[in-house]
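Chemist: Please read through the structure below; I'll follow up with questions.
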Amino acid sequence: MEYKSRTIMNIEKSLIYFRMHIYTCDNMVKIAFIGVGKIGQTIAYSVIFDGLASEVILYDIIPELPEKFEHELRHAMATRGLSTEVIGTNSLDDVANADIILIMAGKPRKPGMSRRDLFVDNAKIQIDLAKQLPPKNPGALYIMVANPVDMMASIFMRFSKQFTISTGDTVETMRMRSYISKKLKVPVTKVTGYVAGEHGEDAVVLWSTVKVNGKPFEEIAKGLTKEEVENYVKSIPGEIIRVMGGTTWGPATIIKDIVRSVVLNEGRVMSIATPRTYQGEIIHISVPTVVGAEIGPSLEGVLPESDRERLNKSVEDFYKVYKENLDHLLQVIKQ
Ligand SMILES: NC(=O)c1ccc[n+]([C@@H]2O[C@H](COP(=O)([O-])OP(=O)(O)OC[C@H]3O[C@@H](n4cnc5c(N)ncnc54)[C@H](O)[C@@H]3O)[C@@H](O)[C@H]2O)c1
Ligand SMILES: O=C(O)C[C@H](O)C(=O)O
């Protein structure tokens, strides 16, 4: 099994490529799940049943949870004859030589909370993981899921110095498309377009990219307003959390597809958040990006001025909030 090292931040002209190579022989890919609560379990199940991993490591701090979840998965795999090797553990030492590491470890928000309210508690978890995971997982691709996901990806990358992406606005993008599909009564496969910026308050629908049956949104809106779509995208997760206790099925399937696009080198354009340096800090901002064995390039450079202006405003606001939170955190942990 040939393992190639990974180079990152290869800036070619205005395009940024993040080169990474994972095991490429017959999808012999080892994937670790850090935090197997609601969303972690659903992502792990989805990844395994998409046949994306030869080996899966499940880690959590709740005693016995990973081990019992391992049994659940083995029982489910048996009926389908799947042979993914699954290990559930409470020891972080067992998380070794993974190609892809997804991090769901963190508190979820409660109804009425903003994802940003989770910053300090979840950042402390990421800092701890940032110190422990890299030594045993050289060259791994880190995919942050825990919220506030873009800021947590930036914290993890800041403290681990490892290439990290955030699931970013891949979720908002599918929420936007599904809502337009439902309201205009068209198949969701006929709706294109992306949401960018922050996974949260500073999310921005890139309206120049939104088309229905190939026509610009404005031409076919039929009474559906941009404000209505934007309100839906921002409010629906909180509504789901209020009634169902958490979002799982939508985000887990979408996040599994990020893993799929990497492992199968599909090259899907997805609105993940990749790292950029802004005013001296690494921050993660979502823009439509080619996702495959290489991460990049992004479409940011070809967006029209109207979208770029709104995106840049979102970046400025996001950075301000992130910097305030980071400075407070560094005070709290005295680093
Ligand atoms: N990016 C997205 O689209 C998206 C979607 C859903 C949930 N989330 C976020 O993912 C996180 C988890 O959500 P959930 O609904 O699964 O919550 P949950 O409480 O069900 O699961 C969180 C799990 O993390 C574990 N954990 C806590 N600290 C840990 C540590 N130091 N090491 C390992 N495991 C640890 C907990 O024991 C728990 O099992 C939250 O921050 C939530 O906001 C993000
Ligand atoms: O909204 C949340 O807190 C969970 C997640 O970020 C989501 O968008 O589903």
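Chemist: On average, how much accessible surface per residue is there in segment 55-205, in Å², for a 1.4 Å probe, leaving out ligands, DNA and RNA?
Modeler: Averaged over the residues of segment 55-205, the accessible area is 39 Å².
Chemist: Indicate the gyration tensor shape class of segment 4-168 (rounded, prolate or oblate), computed on the Cα atoms with a ≥ b ≥ c the square roots of the eigenvalues: a/c under 1.5 is rounded; otherwise a/b larger than b/c is prolate and the rest oblate.
Modeler: oblate
Chemist: What distance in nm separates the two pseudo spin-label positions at HIS71 and ASP317, each 7 Å out from Cα along the beta-carbon direction?
Modeler: 4.9
Chemist: Using just the helices of the chain, give the 222 nm mean residue ellipticity in deg cm²/dmol: DSSP H runs with n ≥ 4 each add -39,500 (n - 2.57), and the total is spread over all residues, rounded to 500.
Modeler: Using -39500 (n - 2.57) per qualifying helix, the result is -13500 deg cm²/dmol.
Chemist: From the Cα gyration tensor of segment 78-163, with a ≥ b ≥ c the square roots of its eigenvalues, which class applies: rounded if a/c is under 1.5, or else prolate if a/b is larger than b/c, or else oblate?
Modeler: oblate
Chemist: From the backbone phi of segment 301-313, what are the Karplus-calculated ³J(HN,Hα) couplings (6.51 cos²θ - 1.76 cosθ + 1.60, θ = phi - 60°) in whole Hz, Gly and Pro given as x?
Modeler: x, 10, 6, x, 3, 4, 6, 5, 4, 5, 5, 4, 5
Chemist: Which of the listed residues, PRO66, GLY35, TYR179, is farthest toward the dipole's positive end in the chain, when Lys, Arg count +1 and Asp, Glu count -1 at the beta-carbon?
Modeler: TYR179
Chemist: I need the phi-derived Karplus couplings for segment 67-80: 6.51 cos²θ - 1.76 cosθ + 1.60, θ = phi - 60°, integer Hz, Gly and Pro marked x.
Modeler: 3J(HN,Hα) across segment 67-80, in whole Hz: 5, 6, 5, 4, 4, 4, 5, 4, 5, 5, 5, 4, 6, 10.
Chemist: Given H placed 1.01 Å from N in the peptide plane, which residues other than close sequence neighbours of ILE282 have an amide H under 5 Å from its amide H?
Modeler: Result for ILE282 returns nothing.
Chemist: Could I ask something else about it? Given R₀ = 56 Å, what would the calculated FRET efficiency be for SER306 paired with ILE87, taking r from the Cβ atoms and rounding to 0.05?
Modeler: E(calc), rounded to 0.05, equals 0.70.
Chemist: A further question follows. Cα centroids of segment 192-221 and segment 235-287: how far apart, whole angstrom?
Modeler: Cα centroid of segment 192-221 versus Cα centroid of segment 235-287: 16 Å apart.
Chemist: Now a separate question. Would you mind telling me which residue in PHE69, PHE159, PHE119 has the biggest mean-square fluctuation in a Gaussian network model of the chain, where springs connect alpha carbons within a distance under 10 angstrom?
Modeler: Looking only at PHE69, PHE159, PHE119, the largest GNM fluctuation is found for PHE159.
Chemist: Could you tell me what percent of the accessible area of segment 154-294 is made up of carbon and sulfur, with a 1.4 Å probe and every protein chain present?
Modeler: Carbon and sulfur together cover 54 percent of it.
Chemist: With the cut-off at 1.5 for a/c, could you classify segment 295-335 from its C-alpha gyration tensor as rounded, prolate or oblate?
Modeler: It comes out oblate by the Cα gyration axes.
Chemist: Per 0.36 nm of contour for each residue apart, how much would the distance between ASP94 and TYR278 grow if the chain were fully extended, relative to their Cα-Cα spacing?
Modeler: Result: 62.7 nm gained on full extension.
Chemist: Please find, in a Gaussian network model of the chain (springs between Cα atoms separated by less than 10 Å), the residue of ILE62, ILE43, ILE31 whose mean-square fluctuation is greatest.
Modeler: Ranking ILE62, ILE43, ILE31 by mean-square fluctuation puts ILE62 first.
Chemist: Now for a different question. Determine ³J(HN,Hα), in whole Hz, for all residues of segment 257-272 in sequence, where each value follows from phi through the Karplus function 6.51 cos²θ - 1.76 cosθ + 1.60 and θ = phi - 60°; x replaces Gly and Pro.
Modeler: Those phi angles translate into 5, 5, 4, 4, 5, 6, 5, 8, 6, 6, x, 5, 8, 10, 8, 7 Hz.
Chemist: Among THR225, VAL321, PRO251, flag the residue with its Cα farthest along the positive direction of the charge dipole of segment 218-333, charges on Cβ as +1 for Lys/Arg and -1 for Asp/Glu.
Modeler: The Cα lying farthest towards the positive end belongs to PRO251.
Chemist: Another question, if that's okay. Got a sec? Charge dipole of segment 4-168, +1 on Cβ for Lys and Arg, -1 for Asp and Glu; which of ILE100, SER154, ALA76 is way out at the positive end?
Modeler: Working it through, the farthest residue towards the positive pole turns out to be SER154.
The values are calculated or read from the model by the stated rules, or taken from the named source; none is laboratory data. This is a predicted model, so every value here is computed, not measured. Cβ atoms come from the backbone with ideal geometry, glycine included; neighbour counts cover every protein chain shown. Accessible surface areas use protein heavy atoms only, side chains included; no ligands, DNA or RNA. Shrake-Rupley method; radii C 1.70, N 1.55, O 1.52, S 1.80 Å.
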